Structure formats: structure tokens, C-alpha cells
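The values are calculated or read from the model by the stated rules, or taken from the named source; none is laboratory data. Source: prediction; values computed, not measured. Methodologically, a virtual Cβ is constructed for each residue, glycine included, from the backbone with ideal geometry; neighbour enumeration extends over all protein chains shown. The accessibility values were calculated without ligands, DNA or RNA, using every heavy atom of the protein model including side chains. Shrake-Rupley method; radii C 1.70, N 1.55, O 1.52, S 1.80 Å.
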Amino acid sequence: MAEPKVGVLALQGDVDEHLRALERAGAAPYAVKTPAEFERADALVVPGGESTTVMKLLERFGLDAPIVERVRGGMPLWGTCMGMIVAARDVADLDQPTLDLIDITVRRNAFGRQNQSAEVPLPIPALGASAFPAIFIRAPWIERCGPAVELLAKRDGRGVMVRERNVLATSFHPELTADQRVHRFFLAMVERFKAERFKGKNFTAA
Ligand code: GLN
């Protein structure tokens, strides 16, 4: 099968790092700023950045409704840090609507001042035995997970990596390290989605 076309939302944030990391992991990534660019994507990555700004820009660029429609229809989406906040159902400390694509409640900038930026060896059993070098930058944590949400990693007892069906969210930034395991995990979700769509089935993540 051809390399998956993974759009990286490019309204604001660490877009280039994601483009490079996705390419290294074997995808065909490109920047998405308009609904027409989004249209041809097999999957979407929402990078780190500033969630309040990006939520306003999504609306202004007319991207919010198409993203919600396609992701609810099974298109894979991965949000890192700010992307997790944008995809969450609820944000504990923010009175602004989100895309509501994954049934979690998050708290922004939650790990405290001294930990605004840290690299932590994070056990992620779904990715194998060795810890993942997880970079946290003013990262959110997850305060509540809905019943269909798989909790894939915790830091200090708080959820920092989750998946619900076709939506993956990480508090940390795998695009800033050489370890490609989270990217490969997401690309496996994308391949499954493409295969199911090819067969005309509804997508269900294994
Ligand atoms: N603190 C940012 C926010 O609330 C997220 C930080 C990041 O994406 N690195 O949007």
C-alpha cells in the first residue's frame, strides 16, 4: 500500500518537527492549513502549540467542522500536548469549546512550574519493554477517562497517553526525540484504517 498521507495541522505550533519525524517513520506527511488540504489526508496530526489560539484559528479557517466530521467517521487523529487539549471532550481550567473527539478531561500546564520542561523515561507497555524518552513542555495531564478510553501511559499517577478507537493523544512530544515508536504506533492505526476503508468496512481499532 502507498505511504499514508498524514496531514499535520499547520496553523501554529511545532509543525516542522512532526513533518520530519513522520517522514522518518515512513509516512508521506504534509502541512494542512485549509479544508482543501485536509480533504486529501488519510490521517491528521495536531501538534504542540497554544490551544486557545489554535481553537480560534480552527474556526476561522473553517477546519473545525470537517475535522470533527471525518474523525467521528473513523479517520485517525493524533494530538500531542496542545493537540490533546484541542481533541479532548473537556478542559478542566478553560471555558472554550474543544473538538470533543476523545472522551477525556485534561488540565493544561498541569505538571507545575519546575517541570514545565522535562525529559522523563516513561514506561509504555504497548510500545515494548524499554522506557520511552518523553519530553514534556508545559504539558497537560488527563484527569478523567471515559469507559472506552485505553490508558497507555501514566506519569506521577496521571494519564499522559490514551487512545479511544481512532484517536490517539499524548501529553508529551515524541516528534522531538529520535525514538520512533509512538509514530509507528500511530501509523499502524492509519494503515488499519486505510485497509478497513478499502474493504468498505467501518473502522474499529484493535
Ligand atoms: N500549554 C499549552 C496549551 O495549553 C500546550 C503546550 C504544548 O503544546 N507544548 O495549549
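Figures for the structure shown
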{"item": "Candidates Lys194, Lys201, filtered to the one that is at pLDDT below 95, more than 25 Å from Ala92 (Cα to Cα), part of a loop (DSSP other than H, G, I, E, B) and of a type in the set (Lys, Arg)", "result": "Lys201"}
{"item": "Unique residue being open to solvent by less than 40 Å² (accessible area, probe 1.4 Å), within 23 Å of Val162 (Cα to Cα), more than 16 Å from the ligand (Cβ to nearest atom) and not in a loop (DSSP other than H, G, I, E, B) when the list is Val45, Val6, Val86, Val54", "result": "Val6"}
{"item": "Single condition Leu94 does not satisfy, out of (1) out of contact with any Ser or Thr (no Cβ under 6 Å at 6 or more places or on another chain); (2) open to solvent by less than 30 Å² (accessible area, probe 1.4 Å); (3) hydrophobic (A, V, I, L, M, F, W, C)", "result": "(2)"}
{"item": "Residue check, Met75 more than 16 Å from the ligand (Cβ to nearest atom) and of a type in the set (A, V, I, L, M)", "result": "yes"}
{"item": "Selection from the range 93-116 of residues that are assigned to a loop (DSSP other than H, G, I, E, B) and either within 9 Å of the ligand (Cβ to nearest atom) or at pLDDT below 95 (or both)", "result": "Asp93, Leu94, Asp95, Gln96, Pro97, Arg108, Asn109, Ala110, Phe111, Gly112, Gln116"}
{"item": "Qualifying position, being at positive phi, open to solvent by less than 50 Å² (accessible area, probe 1.4 Å) and charged (D, E, K, R), among Asp156, Asp179, Asp100", "result": "Asp100"}
{"item": "Boolean, Ala27 is small (Gly, Ala, Ser), in contact with a Leu (Cβ under 7 Å, 6 or more places away or on another chain) and away from the ligand (no atom under 16 Å from the Cβ)", "result": "yes"}
{"item": "All positions within the range 117-147 that are within 12 Å of the ligand (Cβ to nearest atom) and assigned to a loop (DSSP other than H, G, I, E, B)", "result": "Arg138, Ala139, Pro140"}
{"item": "Every pair of residues 6+ apart whose Cβ atoms lie under 9 Å, when the first sits in the range 127-145 and is at positive phi while the second is buried (at least 16 other Cβ atoms within 10 Å of the Cβ) and among the aromatic types (Phe, Trp, Tyr)", "result": "Arg138/Phe111"}
